[in-house]
Amino acid sequence: MPQIKAPKGTRDILPPETSAWQAVERAFASVCARFGYAEVRVPTFEHTELFQRGVGDTTDIVQKEMYTFPDKGGRSLSLRPEGTAGVMRAYVENGMPSLPAPVKLYYLISAFRYENVQKGRYREFHQFGCEAVGSAGPAIDAEMIGLLSVFFGELGLSRLAVRLNSIGCPACRPAYHEALRAYLRPRLGEMCGLCNERFDRNPLRVLDCKEERCQPAIEGAPAQLDHLCADCRAHFDGLKDELDRIGVPYSVDRRIVRGLDYYTRTVFEFVSENVGTQGTICGGGRYDGLVEEVGGPPTPGIGFALGVERLLMEMGAQGIPAAAPATVALYVAAVDEAAGGAARALCHRVRAAGVAAEAEWNGRGLKAQMKAANRMGARYVVVLGGDELAAGTARLKDMKDGSEREVALDRLPQELAAALK
RNA sequence: GUGGAAUUAGUUCAGUGGUUAGAGCGCCAGAUUGUGGAUCUGGAUGUCACGGGUUCAAAUCCCGUAUUCCACCCCA
């Protein structure tokens, strides 16, 4: 039979790597709980229209990167390309606008984008995310950035820069777009072809261009930050004050532009230099029009998405040791198959008493069992043979120093628990 | 969607036209009969990514496809 491989852009996460994943998942859940965020679990696929409306019809994500398919009932469904739209749909659908605000939610999901694969980018990838819905002021923006700062700190990550920007609101954005267009129009001749396309479609994107020839024009371009309305300006200044108060350093980067249509005002990123050109480990921002867009009452919100693959890559690059799989406390070896049954039964009893134990399942010899015990990092080994079974006692061997001591078999779970303290 | 590099054992890789395709690590077994880590000895495992072509002869040269990695685009 021809071999079947994982589809392009997907991969298997296997032990011992899964231990590292579990460790960051636990750390994230722990920080979220402390900050008052509760977990939500939402569907992996939604009606395509949700993403068209929520993420935005003009975005690359919706235009060319979605896994969209008709189901057998003729509905158009799409694998989620990100988490926020689905969570906001659930927020509205389940009456959460009537809960005390802000409603603070977090999630661990995989998301799907049909893109070409490269470093830090996959077709199925994993995100941690938070959403805080129902608070319009900048304090909640700062709380969220503070949450991330604590999370990264607890993982031992340093040197992650916080970049901050404001991209305005529907009130001040049109005027800025006009100013930007007016500035760019006479310079289009000296800029790359792509930027000329961007100029028509979404002039904000021009600011993101890395093309050498476009840099002079970009440097002098007006920034949204300098064209904020009074409310947006006050919000941005308020956020900076809040961040100063909680002691989170940041830099203002007036070129940050998020690729999703729903962002308003605050946008931010946590950036590293260790993830190839995919330096953004975490990106987020405010989305004050999104809830309304998916059919709810006008409600402000802010959230972020954090790329788990990129996070783990960054931890590796910063030399943070990956969490290791749990080790076995006791290995029950059997001299021969006559003692094998008793060994397996003892192993079961010890496990039932709450201690991680292993035994031999393929009838290999004693020496192979000792090797296996050593390799799996077993703390203690007990060897069962005819003598031990007759006497009801066996020697408990400490694999660290090789010392042995006599224990009664029926008291082994208690003895172990005491020895492991 | 575009471009570059790659694909050989479980894994990391060597092998650029000529016998039964190799190494390290890992795995299995043994080194006097019931005890791990070190060392030594032996062993198993390959449709050489897949499909075509050139040739007396292809892992090796050519074409196509897939996948991986890197970059563009964009984003987590």
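The values are calculated or read from the model by the stated rules, or taken from the named source; none is laboratory data. The shown structure was predicted, so the numbers you read here are calculated from the model rather than taken from an experiment. Positions of Cβ are backbone-derived with ideal geometry, glycine not excepted, and every protein chain shown enters the neighbour counts. Remember, those area values only see protein heavy atoms, side chains included, never the ligands or the DNA or RNA. Shrake-Rupley method; radii C 1.70, N 1.55, O 1.52, S 1.80 Å.
For the range A:394-407, the set of residues classified as open to solvent by less than 90 Å² (accessible area, probe 1.4 Å), of a type outside the set (G, A, S) and near RNA strand B (Cβ under 9 Å from one of its atoms) consists of A:K397, A:D398, A:M399, listed by residue number. Scanning the range A:83-101 for residues being touching a residue at least 12 places away in the same chain (Cβ under 8 Å), among the charged types (D, E, K, R) and surrounded by fewer than 21 Cβ atoms within 10 Å (Cβ to Cβ) gives a total of 0. The criterion of at least 1 residues that are touching a strand residue (DSSP E or B) at 6+ places or on another chain (Cβ under 8 Å) is met by the following helices (runs of 4 or more DSSP H) wholly inside the range A:99-207: A:138-154. Considering the range A:245-261 alone, what residues qualify as being open to solvent by 30 Å² or more (accessible area, probe 1.4 Å) and more than 10 Å from RNA strand B (Cβ to nearest atom)? Across the range A:245-261, the qualifying residues are A:R245, A:I246, A:G247, A:P249, A:Y250, A:S251, A:V252, A:D253, A:R254, A:R255. Of everything in the range A:222-237 that is open to solvent by less than 20 Å² (accessible area, probe 1.4 Å) and either within 16 Å of RNA strand B (Cβ to nearest atom) or in contact with a Gly (Cβ under 7 Å, 6 or more places away or on another chain) (or both), the residue that is farthest from A:I145 (Cα to Cα) is A:Q224. Within the option set A:E82, A:E124, being farther than 16 Å from A:G36 by Cβ, acidic (D, E) and touching a Ser or Thr at 6+ places or on another chain (Cβ under 6 Å) holds for one residue only, A:E124.
Here's the yes/no breakdown for (1) within 15 Å of RNA strand B (Cβ to nearest atom); (2) within 19 Å of A:H126 (Cβ to Cβ); (3) modelled with pLDDT of 95 or more:
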position	(1), (2), (3)
A:A29	no, yes, yes
A:R53	no, no, no
A:V62	yes, no, no
A:A85	yes, yes, yes
A:K104	no, no, yes
A:Y107	yes, yes, yes
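The residues listed here are A:T264, A:T299; of these, the one that is over 23 Å from A:V117 (Cα atoms) and modelled with pLDDT of 95 or more is A:T299. A:I281 meets all of the listed conditions (1) under 17 Å from A:A142 (Cβ atoms); (2) among the β-branched types (V, I, T); (3) under 15 Å from the mean Cα position of the chain (by Cα) but one, namely (1). Given the condition polar (S, T, N, Q) and open to solvent by less than 10 Å² (accessible area, probe 1.4 Å), answer yes or no: does some residue in the range A:262-269 qualify? Among the residues of the range A:262-269, at least one is polar (S, T, N, Q) and open to solvent by less than 10 Å² (accessible area, probe 1.4 Å), which makes the answer yes. Here A:G74 clears all of (1) outside any helix (DSSP H, G or I); (2) crowded, with 16+ Cβ neighbours inside 10 Å except the condition numbered (2).
Here's the yes/no breakdown for (1) open to solvent by 10 Å² or more (accessible area, probe 1.4 Å); (2) over 25 Å from A:H227 (Cα atoms); (3) of a type in the set (D, E, K, R):
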| residue | (1), (2), (3) |
| --- | --- |
| A:K119 | yes, yes, yes |
| A:V133 | no, yes, no |
| A:L155 | yes, yes, no |
| A:N165 | no, no, no |
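All of A:R310, A:R265 fail the test of being of a type in the set (K, R) and either within 17 Å of A:T84 (Cβ to Cβ) or free of Cβ contacts under 8 Å to residues at least 40 places away in the same chain (or both), apart from A:R265.
Residue-level check: of (1) more than 20 Å from A:G56 (Cα to Cα); (2) open to solvent by less than 10 Å² (accessible area, probe 1.4 Å), A:V206 misses just (1).
Which condition from (1) under 15 Å from A:G168 (Cα atoms); (2) near RNA strand B (Cβ under 9 Å from one of its atoms); (3) not assigned by TED's automatic domain parsing to the domain that holds A:Q118 is the one that A:P203 breaks? (2) is the only condition that A:P203 fails. The set of residues in the range A:292-311 being out of contact with any Gly (no Cβ under 6 Å at 6 or more places or on another chain) and of a type outside the set (D, E, K, R) consists of A:G295, A:G296, A:P297, A:P298, A:P300, A:G301, A:I302, A:L306, A:G307, A:V308, A:L311. Of all the listed residues (A:A357, A:A391, A:A368), the sole one being surrounded by fewer than 14 Cβ atoms within 10 Å (Cβ to Cβ) and either more than 8 Å from RNA strand B (Cβ to nearest atom) or not assigned by TED's automatic domain parsing to the domain that holds A:A338 (or both) is A:A391. Residues that are in contact with a Pro (Cβ under 8 Å, 6 or more places away or on another chain) and in contact (Cβ under 8 Å) with a residue 40 or more places away in the chain within the range A:288-300 comprise A:D288, A:G289, A:V291, A:G296, A:P297, A:T299, listed in sequence order.
Residues considered: A:R80, A:R26, A:R41. Of these, the only one that is in the same structural domain as A:I145 (by TED's automatic domain parsing), surrounded by fewer than 12 Cβ atoms within 10 Å (Cβ to Cβ) and free of Cβ contacts under 8 Å to residues at least 60 places away in the same chain is A:R26.
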